[in-house]
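Following: one structure in structure tokens, then a few remarks.
The values are calculated or read from the model by the stated rules, or taken from the named source; none is laboratory data. For clarity, every value in this text was computed on a predicted model and none was experimentally measured. Glycine gets a Cβ as well: all are built from the backbone with ideal geometry, and neighbour counts include every protein chain shown.
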Amino acid sequence: MKFIKTLAATACATIILAGMALAAEQKQTCCEKAAAEGKTCTMKCCVAAHHEGKSCEKCNPNKEDLKLIKKGNQAGQKKED
Ligand SMILES: [Zn+2]
Ligand SMILES: [Zn+2]
């Protein structure tokens, strides 16, 4: 009986590990996906947030899009006080 238990535990661990790997790979946000294709995210909530130079935290809980905005917005951003 011990063998079956071990087998089941191993199978369980494998499934969990596989699931974790999959989840990690799919963690790209809509903005990251768009940036990967050389585009900007077209989601309404993201466009509005990015327009204000903010992160759309709804889609990017870790503010992933903020890095992408800075990258794409380098031109013509001079400070005028
Ligand atoms: Zn987005
Ligand atoms: Zn959004």
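Remark: pairs (first residue in the stretch 30-54, over 12 Å from LEU66 (Cβ atoms); second residue within 11 Å of ligand 2 (Cβ to nearest atom) and not in a helix (DSSP H, G or I); Cβ separation under 6 Å; 6+ apart in sequence or on different chains) = CYS30/CYS41; CYS30/MET43; CYS30/CYS59; ALA34/CYS41; CYS45/CYS56; CYS45/LYS58.
Every residue, every condition in (1) within 9 Å of ligand 1 (Cβ to nearest atom); (2) over 12 Å from the mean Cα position of the chain (by Cα); (3) of a type outside the set (Phe, Trp, Tyr); (4) at pLDDT 95 or above, yes or no:
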residue: THR40; (1), (2), (3), (4): yes, yes, yes, no
residue: MET43; (1), (2), (3), (4): yes, yes, yes, yes
residue: CYS46; (1), (2), (3), (4): yes, yes, yes, yes
residue: LYS63; (1), (2), (3), (4): no, no, yes, no
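Filter the stretch 27-46 for residues that are part of a helix (DSSP H, G or I) and surrounded by fewer than 13 Cβ atoms within 10 Å (Cβ to Cβ) and give the result. Listed by number, the residues that qualify are LYS33, ALA36, LYS44.
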